[in-house]
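Inspection log for the structure reproduced underneath, given as structure tokens.
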Amino acid sequence: MPVCLLLTQPDPNRRPGFYRIEIQLNLFGEWSVVMEWGARGRQGRQRIRLFSDLRAASLEADRARERLLRKGYLRA
């Protein structure tokens, strides 16, 4: 059950950036919050955080999303 949110940085003075947040169930029964970010057209960076339940994973993804929206990222 992947849930994906793509955010973009619309700042005209910078190269267009992206941030992807995805929640997925891994092979070990843990919930993963996968966060990938970078400049469009380039290889991005990735961070994976593991959680024992979906609620904790969803809260982490929501916190990250709210932080990025406050920074000026927009939903794509």
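Counting just the residues of the stretch 61-76 that are within 21 Å of PRO12 (Cα to Cα) and of a type in the set (A, V, I, L, M), which one comes out surrounded by the most Cβ atoms within 10 Å (Cβ to Cβ)?
LEU68
Read through the list (1) hydroxyl-bearing (Ser, Thr, Tyr); (2) at pLDDT 85 or above; (3) within 26 Å of ASN13 (Cβ to Cβ), then give the number of the only condition that SER58 fails.
(3)
What number of residues within the stretch 48-76 are of a type in the set (Ser, Thr, Tyr) and touching a residue at least 24 places away in the same chain (Cβ under 8 Å)?
Number of matching residues: 2.
Consider the stretch 42-51. How many of its residues are more than 12 Å from the chain's Cα centre (by Cα) and open to solvent by 100 Å² or more (accessible area, probe 1.4 Å)?
2
Anything in the stretch 17-41 that is at pLDDT 90 or above, in contact with a strand residue (DSSP E or B) (Cβ under 8 Å, 6 or more places away or on another chain) and open to solvent by 70 Å² or more (accessible area, probe 1.4 Å)? List them, or say none.
LEU25
The values are calculated or read from the model by the stated rules, or taken from the named source; none is laboratory data. The model shown is predicted, which means the values in this text are computed figures rather than measured ones. Because the Cβ atoms are built from the backbone with ideal geometry, glycine has one as well, and the counts that use them run over all protein chains shown. When the accessible area is computed, the model is the full protein with side chains, heavy atoms only, and any ligands, DNA or RNA have been set aside. Shrake-Rupley method; radii C 1.70, N 1.55, O 1.52, S 1.80 Å.
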